[in-house]
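Here is the structure we will look at.
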Amino acid sequence: MQAMEISKTDLLTPHPFEEIRFTTRDGLRLYGRRYRASLEAGRRPVLCLAGLTRNSRDFHVMAEALASHPHSPRDVYTLDARGRGMSEHDTDWRNYAVPVEMLDAIDFMTRCELSDVAVVGTSRGGLVAMVMAAAQPSTIGAVVLNDIGPVIEMDGLLRIAGYVGRTPLPSSWDHAGKIAQELNARHFPNISDEGWREISRQWFNEKNGRPVASYDPKVSRSLSVLDGSMPALWAQFGALRRIPAMVIRGANSDLLSEKTVSQMAERHPNLVSHVVPDEGHAPLLQDAPTLEAIGAFLAREDVTYHGA
């Protein structure tokens, strides 16, 4: 891997983050961010891993909140998986796979000199976290699973498969907001038109002031539902028993069921559970109660941090 490149920029708020570009072990150039803690306090850093077609922008609000938390500020890192966001596309779609993306996350952690992190994994990112905990236990010291668990509901999987790689390219940012609303309004009924326009800027990259695709459409080829339901990942979830864990579920989620959350709690007795009302898959991690719950969970578990 080559030395990473770091630059600073702003997004939506004056608080700066550092942009990180690095080369993976197989030669792909990926993109990440670092939100520096407002006060160096030796807190466990956070690594955010996004959903199947999503990217670092999904975590901007949460990263700002955690980095500037009044009582427990901490560094927050975000990573665009290969083929997503600002990261380079892979010429072989078969590398859009959880085990490969786990290795990319480990490469990112190595470049940033991170270990024993708290992983916040949304959907696909949560699957990566579970596999990482099983394969490389020292990398993870705590985990927040955002609307994902060992059992993935077929209804949600079919819905996602229906639009991945098929979402039309919007002609303007207003159009982008309408697309985001049409695809998600049923599960997120309380978001305004302006809110959807803001969310669309997470969904799409920007080029010359216009929205463009933010992921390689070949990512869809890694999401096959023709073979039926995905196998349950209870063995991988079992690797989380040794560390503090939190699960967040959207009350309207069609991917993570209440039954699965209950079973997760039975297998991880100290599991912290939080439900986001009026949101589906996946919760936006932007409302005050959810941000407070995540911050409180991380602060409580800093006592187990073995890093710097």
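When each of the peptides 232-239, 167-174, 42-49, 254-261 is scored by how many other beta carbons lie within 10 Å of its residues on average, the order from highest to lowest is 42-49, 254-261, 232-239, 167-174. Label sites at LYS178 and GLU198, each approximated as a point 7 angstrom past Cα along Cα to Cβ, lie 2.2 nm apart. Between MET230 and THR91, the simple label model (points 7 Å from Cα in the Cβ direction) yields a spacing of 2.9 nm.
Averaging the sequence gap over all C-alpha pairs within less than 8 Å and six or more residues apart, then dividing by the number of residues, gives the chain a relative contact order of 19 percent.
Can you give me the relative contact order of region 185-308 as a percent, contacts being Cα pairs under 8 Å and 6 or more apart? Walk me through the intermediate numbers first.
Working: 95 pairs, mean separation 31.7, N = 124.
With pairs under 8 Å counted, the relative contact order is 26 percent.
If the segment from ASP278 to ARG241 were pulled out straight at 0.36 nm per residue, it would be longer than the present Cα-Cα gap by 10.4 nm.
Relative contact order for region 46-116: 27 percent, from Cα pairs under 8 Å spaced at least 6 residues apart, divided by residue count.
Express in nm, to one decimal, how much length is gained between ARG210 and GLN136 on full extension, taking 0.36 nm for each residue of separation and deducting their alpha carbon distance.
On the way: separation 74, 0.36 × 74 = 26.64 nm, distance 4.05 nm.
Roughly 22.6 nm would be gained on extension.
Net charge of the neighbourhood of PRO73, taken over other residues with C-beta under 12 Å away and scored Lys/Arg +1, Asp/Glu -1, is 0. With a cut-off of 14 Å between beta carbons, the residues surrounding MET132 carry a summed charge of -2, where Lys and Arg count +1 and Asp and Glu -1.
Backbone amide hydrogens, once placed in the peptide plane, bring ALA232 within less than 5 Å of nothing, excluding anything fewer than 5 places away on its chain. Centroid-to-centroid, using Cα positions, region 236-308 and region 99-164 are 13 Å apart. Computed over neighbours whose Cβ is under 10 Å from that of ILE148, the net charge equals +1, Lys and Arg +1, Asp and Glu -1.
Each value in this text was obtained by applying a stated rule to the coordinates, not by laboratory testing. On a predicted model such as this, the values are computed, not experimentally measured, just so you know. Glycine also receives a Cβ, built like all others from the backbone with ideal geometry; neighbour counts cover every protein chain displayed.
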